[in-house]
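Any read-out appearing in this document is the output of simple, stated calculations on the displayed coordinates, not a laboratory observation. Computed from a prediction, not measured in an experiment: that's the story for all the values here. Positions of Cβ are generated from backbone atoms using ideal geometry, with glycine treated the same way; all protein chains shown enter the neighbour counts.
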Number of protein chains: 2
Amino acid sequence: MSKVVFGVDVGGTTVKMGYFDLDGNVLDKWEIPTRTEDNGAGIIPDIAGSILDKLAQSGIDKSDVAGIGIGIPGPVKSDGTVPVAVNLGWKDINVNIELSKLTGLEVKAANDANVAALGEMWRGGGQGYSDVVAVTLGTGVGGGIIIGGRIVSGSTGAGGEIGHIHLEDNETEACGCKGHGCLEQYASATGIVRIARKKLADSDKASVLREGEVSAKTVWDAVKEGDDLAVEVAHIYGEYLGKGLAAVADVVNPEVFVIGGGVSKAGKVVIDYMEPYFEKYVFPGAKGAKFALAKLGNDAGIYGAAKLVLGE
Amino acid sequence: MSKVVFGVDVGGTTVKMGYFDLDGNVLDKWEIPTRTEDNGAGIIPDIAGSILDKLAQSGIDKSDVAGIGIGIPGPVKSDGTVPVAVNLGWKDINVNIELSKLTGLEVKAANDANVAALGEMWRGGGQGYSDVVAVTLGTGVGGGIIIGGRIVSGSTGAGGEIGHIHLEDNETEACGCKGHGCLEQYASATGIVRIARKKLADSDKASVLREGEVSAKTVWDAVKEGDDLAVEVAHIYGEYLGKGLAAVADVVNPEVFVIGGGVSKAGKVVIDYMEPYFEKYVFPGAKGAKFALAKLGNDAGIYGAAKLVLGE
């Protein structure tokens, strides 16, 4: 009978690692650096070494380990193959096979954003639900879609790329994806700054945002203080985000959206300005979806990776 | 060992029925009227009677029947409960239980659009794929989403309501859902007529569409003849549809879209005018989705219903 499960979240700078009991209580967590030199050839051996060390230190027998789940920053095929992971320097690596060979343990790999969504469903803001869309409002806008408790990874690994839903025909600046008018161009941390700068330039209204640096944080702080211009920015932000999430709900009609990422650190105010627009634009039969803030922060990945092994 | 499976597709006017071998070859199909009087109280007994008659006539033993799958025009919960089906007069009916009681056979009910999508995946335009979005371009625009071979019915039965994705901020007319600027307002049969009428009014260009009635059929016929104005209409139509399906692909990234419904009777030309716009608006990682025409027409429902029993 296995008693613990490992969760690994590979990032471009550090690899987050942890192990859990089968109910999802974290027993230990730590990080190791991601060695991207030599096309990231050392990453999997480093992870294997760290897990084997941890087993030796803690006196856990391999027969007590359900397996290793692992989130990768890139598309992952169902057999564990990663065709390309730019941030790691990887090309055509089968993570399941390689990491299993070095550890003697069962390995399950999946895309990191999807894995984080699974973590939020298991032990975070989406706990108790099985149809969950996790939305990450960070430097970009990412998504992870869970239906019936299972990740929707998509036929080419692009499931949940909700940041690139086209919303604005009149956009002149290009998105990172080369498109114009993607949700990400408005709803990301840089997006809200862009909206605020435009508003500041177009208006003569006094605002605390005219003093000092404009960031996602200073905008939401000003909104909370009741700054008029910042409130206008929040409405524009909320309308884009609400319209985008309405499109997502028209497709998969989830029980709950779990909102995470840097912008969501402002708290429930982000949901408050978005939700009326969501309700305005969504199909009536899909109204009433719940919105919750993500709870696991940077640990969502290791939780979700562990859950991956225990069965989505 | 069961040898046959029944598929039933309940519509507002007729109930389509058929039975199949386990590979999906239709052995017989027929229709009975839908008796909606008395809040549709006779519908399930009529279906049960027709199936029992068919078994008697054909000498099939109940032990040879895998079960009855049935598509319902309304939301269906996973236990077979239909909270409301307006076209049938139903309220809070558990189809699985009621039809099973009258036939002694296992019954599985689901929403008709989703069931039709499953049919197209099994034996129609989506054959060989397991991540399929079926798009119905008819009086309205409907969708059925299949991921990993399983229907995405959505938490409130509104999965696949892609006709109500918001696309146009400048729309003044209301959609049937009371929203403004839904995909359905452009990509349905009435949608293309609306686009054509507007184009005819705004332009002085000669066109065969100025003679006689404007319908989805006459527009596409004119496009095929190279009528300039009709081609402009087809581009507008294709841009809305491509933009809407791109949003769907950004969410679930299917292998294939199967295009059916009245408008699709024009054939591949509909896909040809849509696909370049899909590629323009979709996230680069989701480019290259396949597009196929639906093959089963009005029989998609009975095929999909049968497949429902055999396991999604």
Local net charge near A:Ile70, Cβ-Cβ under 10 Å (Lys/Arg +1, Asp/Glu -1) | -1
Please express the shape of segment A:247-287 as an equivalent ellipsoid: the semi-axes are the square roots of 5 times the eigenvalues of the C-alpha gyration tensor, given largest first in whole angstrom.
-> 21, 12, 7
What are the GluC sites (Glu not before Pro) within segment B:156-206 that DSSP puts in a loop, where the Cβ has at most 12 other Cβ atoms within 10 Å?
-> B:Glu173
Over the whole of B:279-290, what's the average partner chain Cβ count within 10 Å per residue? Rounded to a whole number, please.
-> 5
In cubic angstrom per residue, the convex hull of chain B built on its Cα atoms measures 140 Å³
If you add up the charges near A:Ala234, with Lys and Arg at +1 and Asp and Glu at -1, over every other residue whose beta carbon is less than 11 angstrom from its beta carbon, what do you get?
-> -3
Give me the Kirkwood hydrodynamic radius of segment A:14-131, using the inverse of the mean 1/r over all pairs of distinct Cα atoms, in Å to one decimal.
-> 15.1 Å
Could you grab the relative contact order for chain A? Cα pairs under 8 Å, six or more apart, rounded to a whole percent.
-> 21 percent
Quick note, segment B:66-170: a/c under 1.5 would make it rounded; otherwise a/b > b/c is prolate and the rest oblate (a ≥ b ≥ c, C-alpha gyration tensor); here it is oblate
Can you tell me the 0 to 90 degree angle between the C-alpha axis of helix A:43-58 and the longest principal axis of chain A, rounded to 10?
-> 70 degrees
Net charge dipole size for the protein assembly as shown [Lys, Arg +1 and Asp, Glu -1 on Cβ; Debye, nearest 20] = 500 debye
Could you tell me whether segment B:115-155 comes out rounded, prolate or oblate from its Cα gyration tensor? Rule is a ≥ b ≥ c as square roots of the eigenvalues, rounded for a/c under 1.5, then prolate if a/b exceeds b/c, otherwise oblate.
-> oblate
Out of all DSSP beta bridges with both ends in segment A:1-118, state the antiparallel percent to the nearest 5.
-> 65 percent
By counting other Cβ atoms within 10 Å of each Cβ, how are B:Ser155, B:Ser2 ranked from fewest to most?
-> B:Ser2, B:Ser155
Rounded to a whole number, the Stokes-Einstein D of segment A:225-296 in µm²/s (Kirkwood radius over Cα pairs; 20 °C; 1.002 mPa s) is 171 µm²/s
For segment A:259-312, what is the convex hull (Cα atoms) projected area averaged across all directions, in square nanometres?
-> 5.0 nm²
What pairs in A:Lys265/B:Lys280; A:Lys77/A:Lys178; A:Lys307/B:Lys77; A:Lys3/A:Lys29; A:Lys77/A:Lys108; A:Lys77/B:Lys290 have C-alpha atoms more than 22 Å from each other?
-> A:Lys265/B:Lys280; A:Lys77/A:Lys178; A:Lys307/B:Lys77
Quickly rank B:254-260, B:244-250 as a protection proxy: mean count of other C-beta atoms within 10 Å, highest first.
-> B:244-250, B:254-260
Taking max minus min of the Cα coordinates of segment B:190-272 on each principal axis, largest first, gives extents in Å of 42, 23, 20
Using alpha carbon centers only, segment A:220-297 is separated from segment A:147-170 by a whole-angstrom value of 17 Å
With all distinct Cα pairs included, what does the Kirkwood hydrodynamic radius of the protein assembly as shown come out to in Å, to one decimal, could you say?
-> 26.1 Å
Value in Å of the Kirkwood radius, where segment B:128-294 supplies the Cα pairs that are averaged | 16.1 Å
